[in-house]
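Structure, as structure tokens:
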Amino acid sequence: MPLILLISLLLLGCLVVAADRLAWVRAGLLSLLLLALSAWWLVDQLSGDGINAATLYHLQTGLEGAGVAGFSGVLWRFAGLVLLSLLPLPLAAMRRRLPRLRGPRAGAGVSAAFAGVLAVAVVASPLYRDALRLQRQMAPVDGRGVATEYRPPTGAIARPKNIVWIYGESLERTYLDQEAFPGLMPGISSLVRQGLDFRDIASPQGTGWTIAGIVASMCGVPLTAARGDENSLGRMREFLPGARCLPEYLADQGYRNVFLGGADSNFAAKGQFLRQHGFHEVRDRSHYLEAGIDPRHFSNWGLHDDVLLDDAFDTFMELSASGQPFLLSTLTMDTHHPAGHLPVACQDLRGTGEVGLVDALACSDRLVSRLVERIRTSPYAADTVIVLASDHLAMPNDLTHVLRDMRRENLLLFLVPGMPARELSVPGSTLDTGATLLSLLDPAHDALGFGRSLLAPAADGATRAALAGDEAFAPYLAFARSLWTGGDVRTLRIEDGQLRIGLQHVTPPVMVEYDPDWGLQAITMEDAPRQFGIDDPANVRAYVDRCTAFDDDTLRGEWCALLVDADNNMKLFAGEDLREGVRVDAPLEAATGPRPRPRRAIWLGAESSLVAGEYLLRLRPREWPSHPFWLEAVASDGRVVAREWIQPGNGKPSTIRLRIGLDERIDDLEIRAWLDWAEYMELSSLAMVRTGSGSRS
């Protein structure tokens, strides 16, 4: 913690009790700051880099599949920090027992001093630093200037070879340093002396966590946490649809592509990326659980590496015997921070070092080098190129105190039949991995996305820019951000209940903003109605939702899009227009009144297990909204089974009745109201009764 921040926090604590006036307000503000700093500490323990692009990415994609139990020690310490953060509140309660200043002037002076010191504390905190960094990274930048440097693979491979690509979780090359880690990884240390061993491989922005490292190496582009909500993957159907990656190219060349990973492929949308970018088969934690593997072979994260890498070899033999060229990729897991995991096959290594991660690293060395040697001594070795690479540099772990002062570099090793061993110190990054592999398959191919072959360093590419600094790298990040949509972003259309923007499909409600050159400026999905209602567009803004968000009494269709420009000119498109496609750069109609405020759907309640028949829904608002609204009953498959336009009562409690007819049994029925984005509606009662023949089940 910076000294100035520590001194500021101590001063703030003293100022909380220095006067009676506004003491509770000061205590609350100090507790909020301490809670924010505690949250930052937790994120930093997980990311190793404070609140960065990886943090935003995982917030958007969720933590489903993460081995949270592996961070129990960190979480307990965070709970302690949370309790400490609340200390200013009891301190304020005890102020009358402590010496303090009295009088209104003294109270005003203390409050002014508190405000000043609070500002100093915020500016001195890592929160402020990270906020500035994210603001710089997400500031609008024109990526079109580097578009010509983006080179997707084309043409044929002269001599296709089989590829085994092994990602070592956080298995950076730094662990091979014999002075810091003597004898820790003899197997991989031996392998690097037998192949093409690349040094100084960095992790630029957008490549420093697992899914980002995989995307960077296989697609040659950084993974961005974009402006707006471009990475709200739960409501985006395609993962980087504008990118063409190595597995897709290899599939077009007749390759069979298989990915094996012990973790949950839903975590960070890894499975979505793999399946949409050329992998024919993805095996993950759920696959191995369904295969009936003994629970002792699983950790909090998923399948242990001993069973995973045995499956990798068996799969290698099966694919090789088929005669079809293939890409077999596997991702280890047991060296995951903070302490790693030890599988059954490595129990004899327990206690190798003073910390558990040393045991996990020694085990990974044994298992990975064993897999490589089994492949190299198989009958198919002459037709197989092996890639051994770390997915990213290690995050905070049991050995951080050792790694902190070392030369950090990713592992990147190619074992190519008939190619002499060499160590190459070429400034590169994980963005260049796929391009280098392509050039080993066919020297005529030396680029993949922004990546360039490290065997023939080019004069362009994102790595050179990344090494030059954040400002030079920013256009590459901006171009990579555009790959979330790709295609013609000026035409909006509804397809199967989703909004198509370029090559991407997004589930409404969604707000889309354009810059003066008609480039896509931002896609906003979270709190979109409010954002559309309060902000003025710089050029043109489109808001797409169901027509119940716009229409009164009578609906013009199921889906509507409202376009507004900087002069408040606007036009509402609905139904067939949206299905055929709406051009956002077409002239809009002159403004004739205030801009409409789109409604949002508010959940009121739900009913389950309803058989076919007639029902009557009765609900009584605790307080009526100010404006008329639509009331709907929606089945679990998204079908609206009943809808009615409701006029608010005259301030007197009254019951709303909605008749619902069901043609078939449904499991869940959601009741929702479409209200102005600034309004809510609480119910005092909600009930549904069967009015037709039969019974409810």
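Miscellaneous remarks
- Beta bridges per DSSP with both ends in the chain, % antiparallel, nearest 5: 75 percent
- Shape class of segment 155-449 from the alpha-carbon gyration tensor: rounded, with the ratio a/c of largest to smallest axis under 1.5.
- From helices alone, the chain scores -9500 deg cm²/dmol at 222 nm; the rule is -39500 (n - 2.57) for each run of n ≥ 4 DSSP H residues, then divide by the residue total.
- Sorted on the mean count of surrounding Cβ atoms within 10 Å across their residues, most packed first, peptides 558-566, 663-671, 216-224, 489-497 read 216-224, 558-566, 489-497, 663-671.
- Cα centroid of segment 410-433 to Cα centroid of segment 580-635, whole Å: 58 Å
- Cys residues of the chain that find no other Cys beta carbon under 4.7 Å: C14.
Bear in mind that the values in this text are calculations on the coordinates, not laboratory data. Just so you know, these numbers come straight off a predicted model, no measurement behind them. Cβ sites come from the backbone with ideal geometry, for glycine too, and all protein chains shown count toward neighbours.
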